[in-house]
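**Student:** This is the structure I have questions about; it appears just below.
What follows draws every value from the coordinates through simple rules; no lab data is involved. On a predicted model such as this, the values are computed, not experimentally measured, just so you know. Cβ sites come from the backbone with ideal geometry, for glycine too, and all protein chains shown count toward neighbours.
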Amino acid sequence: MWADERYMPNCAIHTVMLGELPALSITHAKFRAIIVLQGGQLIDFCTVKHLDNWLWQSQAVSFRQGVAIRGGIPICFPLFGNLMDNATAVQATFGKGMAKHGLARTSTWQLIEQQLSDDVVIVKLGWQVPPDFIEQYPHIKLAATLSFQFSENGFDLSLESHNTSEQTICFSQAFHSYLPTADICQTHVSGFDKVCYVDMLADNTHAVVQQGDINFQQEVDRIYQASPKILLNTPHYQAVFTSKNSLSTVIWNPWVEKSQTLDQFLPNDYQKMLCIETANAGSDYVTLKPDEKHTLSVSMSKDTDFFYHPRFLNFDLT
Ligand code: TA6
């Protein structure tokens with residue numbers, strides 16, 4: 001039974017200002033979350049059991065209008081990465097001029113729905129398509145809704161895209177999730193054994209096969225061609241990620257040299273973060289005919305029993 005926040009003093013959604021940007025601060029007896037309306041970007045989430053921020057943000061982070069925020073979960077949409085690294089169908093949809101990682105992460109999202117209960121909070125945001133997008137692509141009409149569901153077990157995030165134009169649209173996308181670690185050298189990502197990936201740092205784009213866990217001893221920027229259930233192992237916590245309607249996963253750590261080129265990124269930040277990005281990216285993309293919809297989702301939980309359960313090895317439990 002859903003309740004209104006007036007009857008639930010422990011549970012509330014308030015608008016706060018972070019630098020130049022308005023954000024939704026969600027307080028609940030069992031969890032906390034902060035979503036910046038620019039980019040619809042979840043930058044902070046914790047539960048009573050796991051009180052540290054589950055998401056990483058740089059100490060050099062800044063909250064400025066029109067500038068992508070370094071941390072949390074930036075939404076890359078309707079393009080992941082540089083246009084030229086995308087499939088030709090995506091390039092043909094947008095032509096030249098689409099900004100790296102798309103426009104959604106720097107556009108404003110508007111609160112369209114909120115539901116508060118004893119156990120969960122649901123927040124839905126609608127994408128305000130920026131005027132320069134409408135001007136540049138008058139023939140492309142893409143509506144998008146972001147849905148967050150928070151609970152004491154973790155959170156679910158989904159991005160629904162709806163093609164409201166009269167032509168087919170091909171786009172790429174990612175939840176560019178920044179995650180904290182106490183030490184990147186002792187951090188391992190499981191779930192990708194024998195999965196092919198494209199190394200974005202190599203000259204060629206031939207797929208390489210992953211052997212065992214993903215470890216970090218240098219810059220890593222890879223598009224894995226699958227979205228398995230993922231276990232993140234760090235020295236101070238473990239987390240499980242499950243996704244739907246994603247056929248690729250990006251794993252990224254900039255290491256030393258690349259760090260120096262990044263905005264809002266301190267020299268040693270690379271030691272304390274990594275990105276696990278639920279995506280449709282690289283050779284993978286979404287095709288929507290007129291009036292079709294697609295929903296990309298990810299869930300993050302620190303209940304790792306699920307990952308180790310024997311049934312997990314053989315069945316898709318999602
Ligand atoms: O997801 C990995 C990546 O595409 C990298 O190549 C890297 O440059 C990164 O995203 C961050 O991009 P940004 O535009 O936020 O600096």
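**Student:** Let me spell out the model: positive unit charges on the Cβ of Lys and Arg, negative unit charges on the Cβ of Asp and Glu, origin at the Cα centre of the chain. What dipole size does that give, in debye rounded to 20?
**Tutor:** 100 debye
**Student:** Another question about this same structure. Sticking to Cα atoms, compute the Rg of the chain to one decimal and its Dmax as the biggest Cα-Cα distance, whole number, in Å.
**Tutor:** Cα only, the chain: 19.0, 59 Å (Rg, Dmax).
**Student:** Please compute, over every Cα-Cα pair in region 157-199, the percentage with a separation greater than 11 angstrom.
**Tutor:** Considering region 157-199, 82 percent of its Cα-Cα pairs are separated by more than 11 Å.
**Student:** Oh, and also: Which of the lysines could be linked to Lys100 by a straight reach, that is with a Cα gap under 17 Å, when you skip same-chain ones fewer than 8 residues away?
**Tutor:** Lys100 reaches Lys258.
**Student:** With a sphere of radius 15 Å drawn around the Cβ of Gly282, what net charge do the other residues whose Cβ falls strictly inside it have (Lys, Arg +1; Asp, Glu -1)?
**Tutor:** Spelling it out: positives minus negatives among the neighbours equals -3.
**Student:** Given the options Asn163, Ala174, Phe148, identify the residue whose Cα lies farthest towards the positive end of the charge dipole of region 116-176 (+1 on Cβ of Lys, Arg; -1 on Cβ of Asp, Glu).
**Tutor:** Asn163
**Student:** Where Lys and Arg each count +1 and Asp and Glu each count -1, what net charge lies around Leu296 among other residues with Cβ under 12 Å from its Cβ?
**Tutor:** -2
**Student:** Let me test this: with uniform point scatterers at the alpha carbons of region 163-318, what is the Debye-based log₁₀ I(q)/I(0) at q = 0.18, 0.19 1/Å?
**Tutor:** Taking Cα atoms of region 163-318 as identical point scatterers yields -1.15, -1.24.
**Student:** What's the center-to-center distance, using Cα atoms, between region 268-307 and region 99-168 in Å?
**Tutor:** Answer, in whole Å: 15.
**Student:** Now for a different question. Please state the shape class of region 113-186: rounded when a/c is under 1.5, otherwise prolate if a/b exceeds b/c and oblate if not, all from the C-alpha gyration tensor.
**Tutor:** Taking the square roots of the gyration eigenvalues as a ≥ b ≥ c, region 113-186 is oblate.
**Student:** Taking a ≥ b ≥ c as the square roots of the Cα gyration tensor eigenvalues, with a/c under 1.5 meaning rounded and otherwise prolate when a/b beats b/c, else oblate, which class fits region 25-102?
**Tutor:** Note, shape of region 25-102 comes out prolate.
**Student:** May I pose another question? Show me the three semi-axes of the equivalent ellipsoid for region 1-153, from the C-alpha gyration tensor (sqrt of 5 times each eigenvalue), largest first, rounded to whole Å.
**Tutor:** 31, 17, 14
**Student:** Oh, and also: Under 12 Å from the Cβ of Arg222, count the other residues' Cβ atoms, weight Lys and Arg +1, Asp and Glu -1, and hand me the total.
**Tutor:** Every neighbour counted, the sum reads -4.
**Student:** Please work out the Cα convex hull volume for region 181-261 and give it in Å³ per residue.
**Tutor:** 100 Å³
**Student:** Treating cross-link reach as a plain straight distance, find the lysines whose alpha-carbon is under 19 Å from the alpha-carbon of Lys194, omitting any fewer than eight places away in the same chain.
**Tutor:** Once the sequence-local lysines are set aside, what remains near Lys194 is Lys229.
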